[in-house]
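Take a look at the structure set out below.
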Amino acid sequence: MAHQILVHATTSGGVTTVEALIKHPMDSGFVKGKDGKLIPPHYIEVVEFTHKGKLVLRGFWGPAVSKNPFIRFSFKGGASGDPIGVSWVDNKGETASMSAAIM
Amino acid sequence: MRAGVNRAGARMAWGEDKTMKRVWLMIAAFAALGLARPAKADPAADLKAFQRYFQTRFPKLELKDYVNGPYNFSANDRAQWKQILEFPPYSFAVDAGKKAFDTKFPDGASYASCFPHGGIGIAQDYPKFDEKTGKVVTIGIAVNECRTRHGLKALSLTKGELADIVAYMTSTSDGKPIHVVIPNDKRALAAYEAGKEYFYSRRGQLNFSCASCHVQAAGKRLRGQYLAPALGITASFPVYRSKWGNVGTLVRRFIGCNKKVRSVPAKPDSAAYRDLAYFLTYMSNGLPIAGPGARS
Amino acid sequence: MMTEPETTGPARRTVLLGAAGAAAALALPRSGRAAAVAAPKASLWPEAAFKATTPDPALKALWGSSSLTPTTQVKMDAPDIAENGAVVPISVDANEPKITGVALLARHNPYSLACAYEIPEGTSPAISSRLKLAKTTEVIAVVKSGGKLYSTSKRVKVTLGGCG
């Protein structure tokens with residue numbers, strides 16, 4: 001199955017920058033489908049990023065976050081090879097998670 | 001009998017003089033042939049003229065800049081586009097496309113076995129003219145032909161798995177100069193000319209041709225949106241459109257454009273679109289592949 | 001008219017390869033599900049804040065206050081005119097000490113709160129994301145530092161596309 005979360009994490013000068021692209025429809029509930037009916041809301045509510053298991057960012061998202069959400073943030077520390085964990089839960093209770101190494 | 005003179009020796013009126021009438025008719029016929037016969041297709045000359053037209057019109061743009069489409073004309077839009085490209089929205093499509101491309105067919109063959117160079121770094125050569133069938137083949141059609149040759153069903157030419165596969169294949173040609181070949185074959189030249197005619201013909205309720213927006217109004221706005229010049233316009237396909245929320249092929253865009261001018265679109269694998277793609281991509285020969293791309 | 005040429009080649013490819021490569025590095029020491037990353041608790045989601053239709057009640061529900069101190073120490077990068085209202089790249093950064101929260105609101109969205117972040121110590125408040133703006137609106141960036149809320153705002157225009 002193709003990746004659902006793509007992460008690009010690099011470290012430089014003691015700061016690690018994480019970029020992630022997360023596959024998710026992020027349906028707001030305001031858009032009509034081809035059948036003329038409203039597509040029900042379906043969006044990520046909570047997303048978490050960890051570094052070596054420690055929380056480095058918690059995001060609260062909603063219907064106003066674009067489809068296939070992108071995020072970039074940075075934190076102090078991190079070394080090449082360290083694991084960055086990404087996980088999310090959406091309004092339907094669906095979840096996904098993965099781990100990627102800092103380049 | 002002497003020309004122009006009847007048996008009685010009197011000068012004849014034109015209508016009476018059958019010989020002169022025949023001569024004049026023959027002259028008229030040859031003249032008509034000369035006027036009605038189209039000049040021989042000269043794609044190379046057309047290409048020079050096409051690129052020169054835009055370069056004269058936009059002297060500050062280098063040829064390769066044209067692949068940026070509308071983003072050469074608005075700093076506001078260009079900045080947003082650049083930011084979105086920092087983590088391209090077509091990343092999932094390329095990822096999925098590579099997986100699909102690398103997956104073997106039930107009979108053990110693969111996409112790689114259908115294409116030159118294993119399908120890597122060849123997108124810039126499409127569309128191609130297929131001498132066996134006498135038709136233009138786009139990269140998407142080539143993917144489907146590969147599938148059907150190996151017992152698989154053809155995929156939608158506009159989006160989905162095929163678009164992902166084409167996105168992946170195109171990504172392996174990033175930066176390579178577009179190199180569409182039009183062989184000295186009557187059928188290839190006819191396809192080229194048909195595509196060219198399509199491009200310049202008005203259609204639909206709004207009565208626009210492709211040229212109306214992408215030549216005459218290139219660099220100008222249609223409501224809030226800048227119009228990309230036709231030169232370079234195919235280079236970024238397949239394209240992730242924010243509007244679509246996924247990746248679509250050139251033919252998907254042809255269909256969309258047709259609908260927008262309220263013209264009934266043709267079928268995705270129609271000769272009309274194959275030939276249009278042939279002409280339009282050829283006009284960008286020499287420009288670098290910039291696909292897959294991102295647009296609004 | 002743009003004069004700087006677009007670099008299409010290596011820069012973009014690197015990002016793609018890097019992303020795929022990093023993601024493919026699921027080859028971390030795996031011991032069954034132990035190495036799996038735990039899903040966040042849905043109960044953490046501040047529902048009331050996300051259901052508010054104007055900024056003040058959204059901020060009250062999120063952080064207990066809607067009292068904002070506008071400051072140039074909070075910076076927001078957002079376009080003057082959104083090319084496509086469904087995907088508007090917006091970045092926030094701030095130069096206040098001990099920032100524990102960042103939020104972005106769009107006054108004229110159906111629900112004003114677009115997103116909010118909890119910033120642990122050691123994490124920068126500089127966050128980039130892509131948001132949907134329903135129509136021309138004031139976009140407000142708020143950071144929580146100590147007990148106070150600091151903000152900046154910008155009007156972003158959302159126009160009707162041309163060709164579709």
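Any read-out appearing in this document is the output of simple, stated calculations on the displayed coordinates, not a laboratory observation. Just so we're clear, the structure is a prediction, and the values are computed from it rather than from any experiment. No Cβ is skipped: glycine too gets one built from the backbone with ideal geometry, and neighbour counts run over all protein chains shown.
The lysines whose alpha-carbon is closer than 22 Å to the alpha-carbon of B:LYS99, local same-chain residues fewer than 8 away aside, are A:LYS23, B:LYS153, B:LYS159.
Segment B:65-86 and segment C:62-125 have Cα centres separated by 24 Å. Straight Cα distances below 15 angstrom link A:LYS32 to none of the aspartates and glutamates, with same-chain residues fewer than 8 positions distant left out.
A convex hull fitted around the alpha carbon atoms of chain B yields 183 Å³ per residue. Between C:LEU149 and C:THR69, the built amide H atoms are under 5 Å apart, and every one of these is 5 or more places off in sequence or on another chain.
Inverting the pair-averaged 1/r between distinct Cα atoms of the protein assembly as shown gives 26.3 Å as its Kirkwood hydrodynamic radius. Proximity of backbone amide H atoms, modeled 1.01 Å from N, is registered between B:SER242 and B:ARG295, B:SER296 at under 5 Å, excluding neighbours fewer than 5 places apart on the same chain.
With the alpha-carbon atoms of segment C:44-158 aligned to their principal axes, the span from lowest to highest coordinate is 35, 27, 24 Å, starting with the largest. Computed from backbone phi with θ = phi - 60° and the Karplus coefficients 6.51, -1.76 and 1.60, the 3J(HN,Hα) list for segment B:252-260 is 5, 6, 4, 4, x, 4, 4, 4, 5 Hz; x is used for glycine and proline. Each residue of segment B:125-138 is assigned a 3J(HN,Hα), and the resulting list reads 8, 9, x, 10, 9, 8, 5, 5, 8, x, 10, 7, 10, 7 Hz, derived from the Karplus form 6.51 cos²θ - 1.76 cosθ + 1.60 (θ = phi - 60°), x at Gly and Pro. For chain B, B:CYS210, B:CYS213, B:CYS257 have no disulfide-compatible partner, since no other Cys C-beta lies under 4.7 Å from theirs. Proximity of backbone amide H atoms, modeled 1.01 Å from N, is registered between A:ALA96 and A:TRP88 at under 5 Å, excluding neighbours fewer than 5 places apart on the same chain. When Rg and the Kirkwood Rh are both derived from Cα coordinates, the Rg/Rh ratio for chain A amounts to 1.05.
Taking a ≥ b ≥ c as the square roots of the eigenvalues of the Cα gyration tensor, an a/c ratio of 1.5 or more together with a/b no larger than b/c marks segment B:69-193 as oblate.
For segment B:172-224, what does the alpha-carbon gyration tensor say about shape, rounded, prolate or oblate, given a ≥ b ≥ c as the root eigenvalues, a/c under 1.5 as rounded, and a/b over b/c as prolate? Walk me through the numbers before you get to the answer.
Details: a/c = 3.53, a/b = 1.35, b/c = 2.62.
The shape class here is oblate.
A full extension of the chain between B:LYS40 and B:ARG223 corresponds to an added length of 61.9 nm, given 0.36 nm per residue minus the alpha carbon distance.
Per-residue HN-Hα couplings for segment A:87-103, Karplus 6.51 cos²θ - 1.76 cosθ + 1.60 at θ = phi - 60°, whole Hz, x for Gly and Pro? Whole-Hz 3J(HN,Hα) from phi for segment A:87-103: 8, 9, 9, 10, 5, 9, x, 6, 9, 8, 7, 7, 9, 9, 8, 5, 5.
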